[in-house]
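The values are calculated or read from the model by the stated rules, or taken from the named source; none is laboratory data. Here the structure is a predicted model, which means the values were calculated and not measured. Reconstructed Cβ throughout: ideal geometry from the backbone, glycine too, with neighbour counts over all protein chains shown. In case anyone asks, the SASA skips ligands and DNA or RNA and just uses the protein heavy atoms, side chains included. Shrake-Rupley method; radii C 1.70, N 1.55, O 1.52, S 1.80 Å.
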Amino acid sequence: MSAVGVEKDLYREGFERFALSQDAAAEPAWLRERRTAAFARFVERGLPTPRDEAWRHTPLAPLTRGRFEPAEAHAAPGESVFRALPGAADAGTRIVLVNGRYAPDRSRLDAEPGVTLTSLKHALETQRAPLEAWLARVADGASGAFADLNAALAADAAVVLIAPGASPRGPIRIEHVGAGPSGRVAYARTLVVAGRTSECRIVESYASDSGRASLTNAVTEIAIEDGARVERCKLQVEGGDQLHVATLAVRLGRDARFVDHSLVLGAALSRDDIDVRFEGEGGECRLNGLFAVSGKRVADTHSRIDHAKPHCASRELYKGILDGQARGVFNGLVIVRPGAQKTDAWQVNRNLLLSGEALVHSTPQLEILADDVKCKHGSTTGQLDPEALFYLRSRGIGEPEARGLLTRAFADELLNLLPDDAVRAVAQRWLASQLGAAAGPSGGAA
């Protein structure tokens, strides 16, 4: 039997076990139907191969050759993992999922009025209407094989429902933690529904014990209804042997606004697929991202912003910092549909190579099918400015410190945009520890 056949049989066995479990039996018929449809799509197309253009620069062997068994439901992460998460010491609202399952002893669900923060199992008992409207509908069949596997096999999820007009003051923290032995897969899922004219800030973190070579398959769905505002921070600081594949799917209603700050700092291989679609006029989207990798690690971001309606604006700024033999990929696509007049789209990718062996593939793209638009894109890749280094050295600053200052300045353009001080502090410490001398002795810590 071919490797493709083996992988499909392995996942088919897992899906059949899940379908017969008590968790699946308690779910409504519409959810079981969506799971079945998602798994059927996966069986039809299978996992990606090097022949798939979207995966051409991603090393697929770690993702496709491993026989990943489902992660243990009751694994206990080390305390150091929780201490490393942003805002660990505060008493704010948070939901924690370990290996994709709700951990009540670690969570604090005392949300503000107008905010429902809960697990999928509880939401199915109390909030079925918004779940039926959006769950596995925002990330639809076009989101890819890993998103389909998540839709079919994710046993639980974090659910955030913001009532129309609500505006919680503090951030809502969602923490996905991996634990247990190597060779496992955890299906992490998040659903955010922001009601009309509401506002919220989401901080979504991914962390895991070090020394475990497992896979996190994550899907985040965000539905932003008319006039609503959502700002999200994603912090990925998983262990150095971890594999991380994530899908972010966002749908914006009329006059809705979405801002995303993505920090890819951990994992041996990290792949982020972002799919944003304007479904109403007057929407605005901003995607800010930073990936920083060293050694032989790989960070890959593919984004797609679909201007399906007129009078919408998008801004995208992604930066990469690469050291050692690290590899980076940025592929950004902006689509302007026929009739989407007065579109205003701007996309830039900038990359900093700290060694002669680091490499990045940067492909910003525009697909414009309307004639009254304002669109531009650009990409730059280079090393530290030798003149800037010389200037700092001439002022008595040693070479490691000078390189650190310039590297931190490159990252700080994005870190200073973060709305959450705790996320910024974690990111600065992580950059200092992972990039070593290149980040300077202080690592830019606050």
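Computed 3J(HN,Hα) for the stretch 210-226, one whole-Hz value per residue from the Karplus formula 6.51 cos²θ - 1.76 cosθ + 1.60 where θ = phi - 60°, is 7, x, 10, 9, 10, 10, 9, 10, 10, 9, 10, 10, 10, 10, 10, 6, 3, glycine and proline marked x. Computed over the chain with a Gaussian network model linking Cα atoms closer than 10 Å, the most mobile of A142, A340, A123 is A142.
As a calculated quantity, the FRET efficiency between V43 and F82 at R0 = 60 Å, using C-beta atoms, amounts to about 0.95. Taken as Cα centroids, the stretch 278-339 and the stretch 389-425 sit 23 Å apart, rounded to the nearest whole angstrom. Which of the following values of Kirkwood radius over Cα pairs in Å was calculated from the structure shown: [x] 29.6; [y] 22.3; [z] 24.8? Of the labelled values, this structure produces [y]. For a test of the definition: using alpha carbon positions, the gyration tensor, and the 1.5 limit on a/c, classify the stretch 1-105 as rounded, prolate or oblate. Taking the square roots of the gyration eigenvalues as a ≥ b ≥ c, the stretch 1-105 is oblate. Taking Cα centre as origin and charging only the Cβ of basic (Lys, Arg, +1) and acidic (Asp, Glu, -1) residues, the dipole magnitude of the chain rounds to 260 debye. The label-point distance for L366 and T197, in a model that sets each label 7 Å from Cα toward Cβ, rounds to 3.6 nm. For the stretch 323-446, the fraction of alpha-carbon pairs lying more than 27 Å apart is 35 percent, rounded to a whole number.
Working note: Karplus 6.51/-1.76/1.60 with θ = phi - 60° gives the stretch 154-171 the couplings 5, 7, 8, 6, 8, 10, 10, 10, 9, 5, x, x, 6, 8, x, 6, x, x Hz, where Gly and Pro are set to x. What distance in nm lies between label points placed 7 Å from Cα along the C-beta direction at D105 and S182? So the two model labels end up 2.8 nm from each other.
With Cα atoms defining each centre, the stretch 183-200 and the stretch 84-128 are spaced 11 Å apart in the structure.
A Gaussian network model of the chain, with springs between Cα atoms under 10 Å, assigns the largest mean-square fluctuation among T116, T247, T126 to T126. Near A228: Cβ cut-off under 14 Å, other residues only, Lys/Arg at +1 and Asp/Glu at -1. The net charge is 0. Taking 0.36 nm per residue of separation and subtracting the current Cα-Cα distance, fully stretching the chain between A29 and K342 would add 108.4 nm. The residues of the stretch 273-383 expose on average 37 square angstrom of accessible surface per residue, using a 1.4 Å probe on protein heavy atoms.
Remark on G178: its backbone amide H falls under 5 Å from those of N99, A207, S208, D209, a criterion applied only to residues 5 or more positions apart or on other chains, H modelled at 1.01 Å from N.
Rounded to whole numbers, the Karplus 3J(HN,Hα) couplings from phi for the stretch 100-117 are x, 10, 4, 10, x, 6, 9, 9, 10, 9, 6, 6, 6, x, x, 10, 10, 10 Hz, using 6.51 cos²θ - 1.76 cosθ + 1.60 with θ = phi - 60°, and x at Gly and Pro.
For K309, the lysines whose Cα comes closer than 21 Å to its Cα, not counting residues fewer than 8 places off in the same chain, are K342, K374, K376.
For the chain, modelled as a GNM whose springs connect Cα atoms under 10 angstrom apart, the maximal fluctuation among R101, R189, R286 occurs at R286.
Let me make sure I get this right: for the stretch 144-192, a, b and c are the square roots of the gyration tensor eigenvalues over alpha carbons, sorted descending. Under 1.5 in a/c it's rounded, otherwise prolate if a/b > b/c, else oblate. Which is it?
Oblate shape, in that a/c is at least 1.5 and b/c is the bigger or equal ratio.
The calculated FRET efficiency for I397 paired with L417, based on their beta-carbon distance and R0 = 30 Å, is about 0.65.
At a 1.4 Å probe radius, which order do K319, K309, K374 fall into by accessible area, largest first?
Output order, biggest surface exposure first: K374, K309, K319.
Full extension of the chain segment joining A61 with D385 gains 113.0 nm, where the gain is 0.36 nm per residue of separation less the Cα-Cα distance. Per residue, the accessible area of the stretch 33-183 comes to 45 Å², computed with a 1.4 Å probe over protein heavy atoms only. Amide H contacts under 5 Å for L366: V334, restricted to partners 5 or more places along the chain or on a different chain, H placed in the peptide plane at 1.01 Å from N. Ligands, DNA and RNA left out, the accessible area of the stretch 161-259 computed with a 1.4 Å probe is 43% carbon and sulfur. Computing FRET efficiency as 1/(1 + (r/R0)^6) for A73 and Q325, where r is the C-beta to C-beta distance and R0 is 35 Å, gives about 0.40. For N351, the residues 5 or more places off, or on other chains, whose built amide H falls under 5 Å of its own are G320, T380, T381, G382.
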